[in-house]
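Presented below is the structure to which this report refers.
Since every read-out is calculated from the coordinates, none of them should be taken as a lab result. This structure is a prediction, so every number in the text was calculated from the model and none was measured. Methodologically, a virtual Cβ is constructed for each residue, glycine included, from the backbone with ideal geometry; neighbour enumeration extends over all protein chains shown.
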Amino acid sequence: MKFGTLYSYWGTKWQCDYLKTLKRVSDIGFDILEMGAPHLLEMSDYELSELRRAAKDMDMVLTANIGPAKDKDLASPDPDIRKAGVNYLIDILKAMEKVGSKSLVGAMYSYWPCQFEITDKEAAWERSIEGMKEVAEAAESLGIECCQEVLNRYETYIITDCREGLEYCRRVGSENVNLLLDTFHMNIEEDNIPEAIRLAGRKLGHLHVGESNRKLPGMGSLPWRDIGRALRDIGYEKGVVMEPFLLQGGEVARDCKVWRDLSGNADEKMLDRYIKESLTFLKHEFTF
């Protein structure tokens, strides 16, 4: 298993200095930096190549996280929006290839956060799967894995548990389309988190980890040792990426519904300590 974190842990906006954050994450001891996929489209070819070089020099893996906007919804009833969504995801895949990233993860099957104006699930699935098949062809040609994130009922109506995620992937029918499970969402939707991981088996392409209130692993009460045992049972050797949201205020807190400070009024040095301790804890629980 390779361990990583989402780029936004230290900030309140969906942005960062990636070269600086890459070094910071590497110095803490992580293997992976998970980027915001839309940011790749804002970078020049030179910037992408510099980031690729830096990641190689530090022996770091770059993954890309996506929650498309509503105007790029693969499940939309509007064919123009669906086409825009397909083209958008393919453009991101092409930018990922330039930066050397081989894993696109998130709720790319629709948009995020969902506003629940339409909840015709069967029709949404048909439209989304049709578009994802096109995206999958591009992903296959570039050797990139697309991991569909299973979200909780308050953030989507389309894929809310592991069984639905597996069925969606089966219907897309591509070896490059797999699942992203997230312990925060699983804590809400799955009867048993370790058993859901075992059910996913080889189709588990990526794992997000965080406590039931989105704190860092080890700050709460999820069964981390049992989760680690389940991962070993399926021979999981891919990314384990923290997605912590502790800071109040700003667009990150607004989108992730952080309405109080969860950090204990921590400064950046303390945030570094928290996440380093969490990494040590998680490695111990997953590899005992």
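Within the set 215, 238, the sole residue that is under 21 Å from residue 199 (Cβ atoms), under 17 Å from the mean Cα position of the chain (by Cα) and basic (Lys, Arg) turns out to be 238. Those residues that are surrounded by fewer than 20 Cβ atoms within 10 Å (Cβ to Cβ), closer than 25 Å to residue 189 by Cα and over 15 Å from the mean Cα position of the chain (by Cα), I need them from region 135-161; list them, please. 153, 154, 157 - these are the residues of region 135-161 that are surrounded by fewer than 20 Cβ atoms within 10 Å (Cβ to Cβ), closer than 25 Å to residue 189 by Cα and over 15 Å from the mean Cα position of the chain (by Cα). Name the residue, out of 246, 204, 231, 216, that is among the aliphatic types (A, V, I, L, M), touching a helix residue (DSSP H, G or I) at 6+ places or on another chain (Cβ under 7 Å), buried (at least 16 other Cβ atoms within 10 Å of the Cβ) and farther than 25 Å from residue 164 by Cα. Being among the aliphatic types (A, V, I, L, M), touching a helix residue (DSSP H, G or I) at 6+ places or on another chain (Cβ under 7 Å), buried (at least 16 other Cβ atoms within 10 Å of the Cβ) and farther than 25 Å from residue 164 by Cα holds for just one of 246, 204, 231, 216, which is 216. The residue that is farthest from the chain's Cα centre (by Cα), counting only those in region 51-100 that are of a type in the set (Val, Ile, Thr) and within 24 Å of residue 2 (Cβ to Cβ), is 99.
Exactly one residue out of 235, 205 is over 17 Å from residue 187 (Cβ atoms), small (Gly, Ala, Ser) and assigned to a strand (DSSP E or B): that is 205. Comparison of 180, 246, 216, 262 shows that the only residue that is part of a strand (DSSP E or B) and either touching a residue at least 40 places away in the same chain (Cβ under 8 Å) or more than 24 Å from residue 113 (Cβ to Cβ) (or both) is 180. Among the conditions (1) farther than 30 Å from residue 115 by Cα; (2) in contact with a strand residue (DSSP E or B) (Cβ under 8 Å, 6 or more places away or on another chain); (3) among the charged types (D, E, K, R), residue 47 misses just one, which is (2).
Across region 77-127, the number of residues qualifying as outside any helix (DSSP H, G or I) and touching a residue at least 40 places away in the same chain (Cβ under 8 Å) comes to 19.
Quick check: anything in region 196-204 touching a residue at least 12 places away in the same chain (Cβ under 8 Å) and under 20 Å from residue 155 (Cα atoms)? Yes, region 196-204 contains a residue that is touching a residue at least 12 places away in the same chain (Cβ under 8 Å) and under 20 Å from residue 155 (Cα atoms).
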